[in-house]
Structure formats: C-alpha cells, structure tokens
1. Looking only at region 257-271, which residues are modelled with pLDDT of 95 or more and surrounded by fewer than 20 Cβ atoms within 10 Å (Cβ to Cβ)?
2. Within the group Val186, Val223, Val202, which residue is under 12 Å from Gly128 (Cβ atoms) and either in contact with a helix residue (DSSP H, G or I) (Cβ under 8 Å, 6 or more places away or on another chain) or surrounded by fewer than 21 Cβ atoms within 10 Å (Cβ to Cβ) (or both)?
3. Which ones in region 262-276 are closer than 20 Å to Val184 by Cβ, without any contact (Cβ under 8 Å) to a residue 24 or more places away in the chain and touching a strand residue (DSSP E or B) at 6+ places or on another chain (Cβ under 7 Å)?
4. Scan region 152-183 residue by residue and report those that are closer than 15 Å to Ala200 by Cα, surrounded by 17 or more Cβ atoms within 10 Å (Cβ to Cβ) and in contact with a helix residue (DSSP H, G or I) (Cβ under 8 Å, 6 or more places away or on another chain).
5. Are any of the residues in region 95-115 loosely packed, with under 15 Cβ neighbours inside 10 Å, part of a loop (DSSP other than H, G, I, E, B) and away from ligand 3 (no atom under 16 Å from the Cβ)?
6. Looking at (1) more than 30 Å from Trp265 (Cβ to Cβ); (2) modelled with pLDDT under 95, can you tell me which one Ile44 breaks?
7. Being more than 14 Å from the chain's Cα centre (by Cα), on the phi > 0 side of the Ramachandran plot, more than 16 Å from ligand 2 (Cβ to nearest atom) and buried (at least 18 other Cβ atoms within 10 Å of the Cβ) is true for just one of Gly119, Gly90. Which residue is that?
8. If you scan region 58-114, which residues turn out to be among the small types (Gly, Ala, Ser) and closer than 27 Å to Gly318 by Cα?
Amino acid sequence: MTERVIPLLDHRTRSRAPAAAEEAPSGRLSDTRNRSVRDLRISITDRCNFRCTYCMPRTVFGRDYPFLARSDLLDFEEILRIARVFAAHGVRKIRLTGGEPLLRRDIERLISMLAGIGGVELALTTNGSLLAKKARALRDAGLDRITVSLDSLDDDVFRAMNDADYPVAHVLEGIEAAQAAGLVPVKVNAVIKRSVNRDAIVPIARHFRGTGAIPRFIEYMDVGSTNGWRMDEVVPSAEVLALIDAELPIEPVGSDYPGEVAQRWRYRDGGGELGVVSSVTRAFCATCTRARLSTDGKLYTCLFASEGHDLRALIRGGASDATLSAEIAGIWRSRGDHYSEIRSAQAGTGGRVEMSYIGG
Ligand code: SAM
Ligand code: SF4
Ligand code: SF4
C-alpha cells in the first residue's frame, strides 16, 4: 500500500477562524496574545483505575503514590462557584476530566449542579470503563457530550496500554450505552504511539465508520515529566490521515468554531467523520482558549505549565465572588502561554504538571 502525505489544513490562517480579539465582545477577558477564555477543563479526581503507559506509568503511579486526600479536593460547591465565575468571563464549554472522572462519587450531582449554570455546554472525557453502567444517569443529570478514550481494538494491545488488564469489549459497550442514552455524537480519542499502536489507526477508523461516533487520533504528547516521551514515538497527523485515506478516502471539513483543537475530516462516501489532534506537529496555541482547574483547585493556563494559581486557598480563605472573579481575570490577562509553539527548544526539561492531575 502506498502512503501519501496529506497536508493539514492550517487553522491559523483559515478564514473561519478569526483572531480571539475579534471574537471577544468588548469587556470580555483577553490574554496577552488576544485569546479569550472559552473552555474550562476541570479535573475532578487525580485517581484512575487505568495505568496508561503514556499518562500514569505504573512505575511512577504505583501502590505508594501520594494521591490527594479527600479534603484536598475541591468539593462540588467550590467547583460550581469557580465554574460560575468562569462562565461570567465568557466560558461556553466545561469539560470534566481527571484522572478518571467517573470514579468521583456522586458525579451525577455535580453534573446537575453545573448544568444549572445555563449557556454552557457540559462535556466529559472518560476511559469508558464505568460508562455502560453510568451513561443514562449522566445524560439524565444534564451531560451534553462525552469523549471516550480508546487506543486500540486489539484486546492484547489495549490491555497492555491501559496496564490494568482491562478488556476492550467493556469500553465498546460503554460507547454503545452512551449512544443509546443520547450522548451523541460520541467522540473516541486514540493516542497513537508509533511502536505500540500505529496498527490500530485503520481498524479504529473502519470500526466507527457509519456508526455516528467520531474517532480522533491524537499525537502522543510530552505532558508531565514521567512518561519518557520521545519525538520518534509521535505519529504525525499527516501520516495518520494518509494511512486512512489509502483505504477509506477522506476529505477535509471546516471547523465548528475558532479554537477547535481537532482538525475535521470526513469520508468521501458519506460514512461519517474523524479528526486529528496535531498538538506536536502543528501547534494550535494561537487559538487556545482553554483554562484548566486541577483537582485541588489550582488554575493552569496551559497544559504544559509547571505552576498553577491556588484558587482553593482563596475560596477557603473566605474570598468573595468579586475577589475570585478579579483574581481569575488578572491571571488570564497576564497569560502568554504558547508552549507547543516552542516545544522543540524545551522538550525533556521536565518539572511540568502531570496530565492526570489537570486532565487532558
Ligand atoms: N481518564 C480519562 C480518559 O482517559 O479519557 C480522562 C483523563 S485523560 C488524562 C484525558 C485524555 O488525555 C485521554 O484521551 C488521554 O488519552 C489523553 N492523554 C493522556 N496522556 C496523553 C499523552 N501523553 N499524549 C496525548 N494524549 C494523552
Ligand atoms: Fe487514566 Fe485517562 Fe490517564 Fe489512562 S489517560 S491513565 S485512563 S487518566
Ligand atoms: Fe494551549 Fe498550552 Fe497547548 Fe499551546 S501548549 S495549545 S497554550 S495548552
């Protein structure tokens, strides 16, 4: 089979992607690179029942790993307070993540509290292990969208990647349950590591074609400082697209909104959509409108930050909503992060926050 390289769309120059400054109504928050704050990702637990080798390698996240104590976690009322302030600053999408968010007790209650904010889309990213049981309750509580991580359909490869001997069949059942509950379209995230699951790309595309679910192939990233990242393990999105196109012809689709991280493609025969997330080979910092709240209430303005801003201390110290709002505004206004654009100069320097603690 010949592989042809497909050039990626350049979301930085595409006409449907105006600069954040044009996007933001006057009075809205803008950072030093004219990016507004539109998305808030909240990690609601730093624990996980998987040990994906690229995220929480067992050698580091072993039996003695010092996970956060319950009292360190933001409680639901604290999360809601912070989310409301962000919504007032322009956030239109909140994503719950982790760790594995479905491990957090009473997550349905948190979802119904956040759904009450109004005008904000509520999404969740999960490894899918508990989804078959929980999909309906999550939907009933007010969840709008779900993303399920699934790195291979081959049971042996999947079990090796999650390093918890978890079977792929249960995750597939979870995806079906989410679709049946109306959490559509389900997005399916696959992180690709060259030596591990490059062979999973075409089978995943083929499996979900025609089902309404949207697979998204994610370049393996150098998040945190424990996963031993190497550039030669990254499979560039252009290569992913070429592999798929050789068997299932595809064409590009415009993005839904400025700042969307996945570049969208569709099958030429109408079989549905797929996406690629090219965080390594094509940085999207210029349109990055995401803020991240860690499990213990620290605000991070970049996935690759080494320091967060302690909002929990502020709240537990008795700060008013006005003070909290002013603090968040000040942090966002001084934001200048663009790590992925300068990655090559810094990769491997370590000291960054772990993915499971601030979510993906
Ligand atoms: N446990 C949930 C899950 O796996 O979906 C939510 C948290 S997980 C940290 C969020 C997303 O980050 C997942 O889709 C995961 O595949 C992705 N991720 C984790 N480590 C990554 C890495 N080194 N490079 C790229 N994506 C990564
Ligand atoms: Fe857990 Fe998700 Fe990280 Fe895998 S990617 S170890 S499921 S938090
Ligand atoms: Fe956003 Fe930081 Fe990723 Fe750039 S590197 S896209 S600023 S999270």
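The values are calculated or read from the model by the stated rules, or taken from the named source; none is laboratory data. Just so it is clear, the structure is predicted and the values come from calculations on it, not from any experiment. Cβ coordinates were reconstructed from backbone atoms using ideal geometry, including for glycine residues, and neighbour counts include every protein chain displayed.
1. Residues satisfying the conditions are Arg264, Arg266, Tyr267, Arg268, Asp269, Gly270, Gly271.
2. Working: Val223 fails: under 12 Å from Gly128 (Cβ atoms); Val202 fails: under 12 Å from Gly128 (Cβ atoms).
Within the list Val186, Val223, Val202, the selection yields Val186.
3. Residues satisfying the conditions are Arg264, Arg266.
4. Hits for region 152-183 are Ser152, Leu153, Phe158, Met161, Val168.
5. yes
6. (2)
7. Values: Gly119 fails: buried (at least 18 other Cβ atoms within 10 Å of the Cβ).
Of Gly119, Gly90, the one residue that is more than 14 Å from the chain's Cα centre (by Cα), on the phi > 0 side of the Ramachandran plot, more than 16 Å from ligand 2 (Cβ to nearest atom) and buried (at least 18 other Cβ atoms within 10 Å of the Cβ) is Gly90.
8. Ala69, Ser71, Ala83, Ala87, Ala88, Gly90, Gly98, Ser112
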